[in-house]
1. Using a 10 angstrom Cβ neighbour count of at most 16 plus a DSSP loop assignment to flag exposed GluC sites (Glu not before Pro), which longest range of the chain is free of such sites?
2. Taking the chain, how much of its Cα-Cα pair set, in percent, is spaced more than 40 angstrom apart?
3. Determine which aspartates and glutamates satisfy two conditions relative to Lys60: a Cα distance under 16 Å, and not lying fewer than 8 residues away in the same chain.
4. Direction-averaged shadow area of the convex hull around the Cα atoms of the stretch 336-381, nm²?
5. Kirkwood hydrodynamic radius (Cα pairs, Å) of the stretch 36-98?
6. Let me check I've understood the local charge: for Leu347, count other residues with C-beta under 13 angstrom from its C-beta, Lys and Arg +1, Asp and Glu -1. What total comes out?
7. Can you give the Rg to Rh ratio for the stretch 101-163, taking only C-alpha atoms and Rh from Kirkwood?
8. Trypsin sites (Lys or Arg not before Pro) within the stretch 207-269: which are DSSP loop residues with at most 16 other Cβ atoms inside 10 Å?
Amino acid sequence: MTNYFDHTATSFIEQDVIDFLAKQLTENNYNPAARYTSGIKAAASIAKSTQTIASFLGAKSNEVIITSGATESINTALKGIVFAPNPKHKRILTSRGEHPATVETLKFIELRLDYTIDYCSLNNNGEVDLEELESLLRQNQYDLLTLIHVNNVLGSVNPIAQIVKMRNQYQPDLPIHLDAVQSLGKIPFNFETLGIELASFSLHKLGGPKGIGILLKNKATRLEPLIHGGGQQNNLRSGTENPALVATMAYVIERMQKNFGQNNLAVADLKLFLLAQLKQAKIKHQVISPEDAVPHIVSIAFPELRAETLLNVLAKEGMQVSIGSACSSKKSERNQVLQQLNLPQGLDQYILRISLDKSNSQTEICDLVRIIKTALDKYAV
Ligand code: PLP
């Protein structure tokens, strides 16, 4: 697909991944619970793939729970903590920079399960305000701290190592869940080194198919399962596992790690190229993503034209970009992450999110900039 600048919403599946998946679906499609040879082989394949996935994430095999994607992983982590028979403070700490998968789950927990949810503010870079976080950790006892790793609107990176240190100082027993959907493949990730208890991922953000994801859970953390049934995955997530998809996940994650440095350098160059082109074309704009954000996500305000209008003009020309979070752009409410940034009044309505991948070319970027320029010349107010 060309002229695609929305890799944060979902990524391409390259041909070798499709070929791998097709072969797996042909040869590795038995029920891993079956007692005959093909079933036993399917179970062995899942065990091997899980081992590969775990080792690339810095986790152990028995810490991997396969889910249908990050939304399920996040729901399992958050509700699983709340429903588990742990001692309860009935209070959860999160930030104002979370994805709707977290925000809406926490709203449910607050309204239906009578929890208090504390939302830590963000600083002007879109990262968690560490002073406020420290003060909240000092004042209250929580059942869970859940945070996004890389923000999907801005690309801001939360300082997890510092946050873990703070947790260790004030509430060493407090489990931390990380929404690592946009960080895996973009910045180094190691479950053990980070010292967190839970982490969520979606394969379709990494060049794999939709419908599969991971929840990492360390041994000491108790979760009540969300999905009951045949007791698969140590009773933590029932439902027949798909050996072909799990093998494909291992393949995609291994492939991503191998190309990590090269891909990220290529994307960093593309971001610089994009910014240089905007400057050269004398397009009035303001980069909203902080300088140290991951280069894959560049939120830019074009203050002369509302993002909605610009998006529609670009879409007519076949340019695929987004405004705010793709997951919530169908809703008319204002993006809560952008509300946190102290932007001039109303500027959040003028922000486009351009998200890049190494598959983007400089020619595509030139075309995008040219069409933005034409749109602004024609419609700018
Ligand atoms: N968390 C973040 C940061 C995301 O960007 C997304 C998807 O956009 C999700 C969670 C939800 O992932 P999925 O829709 O694959 O379940």
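We did not get these values from a lab; they are worked out from the coordinates using the rules stated. Given the structure is predicted, the values throughout are model-derived calculations rather than measurements. Reconstructed Cβ throughout: ideal geometry from the backbone, glycine too, with neighbour counts over all protein chains shown.
1. Numbers: sites that count: Glu14, Glu291, Glu304, Glu317, Glu333.
No qualifying site falls inside 15-290, the longest such stretch.
2. Numbers: 12399 of 72390 pairs.
Summing the P(r) tail past 40 Å for the chain gives 17 percent.
3. The reachable aspartates and glutamates, counting only those whose Cα sits under 16 Å from Lys60, are Glu192, Glu197, Glu254.
4. Values: hull surface 18.3 nm².
Quarter of the Cα hull surface area: 4.6 nm².
5. Computed over Cα pairs of the stretch 36-98, the Kirkwood hydrodynamic radius comes out at 14.5 Å.
6. Details: positive: Lys284, Arg306, Arg334; negative: Glu304, Asp348.
Around Leu347, the surrounding residues sum to +1.
7. On the way: Rg = 12.5 Å, Rh = 12.9 Å.
Using Cα coordinates only, the ratio equals 0.97.
8. Values: sites: Lys210, Lys217, Lys219, Arg222, Arg237, Arg255, Lys258; in loops: Lys210, Lys219, Arg222, Arg237.
In loop regions of the stretch 207-269 (DSSP not H, G, I, E or B), the sparsely surrounded trypsin sites (Lys or Arg not before Pro) are Lys210, Lys219, Arg222.
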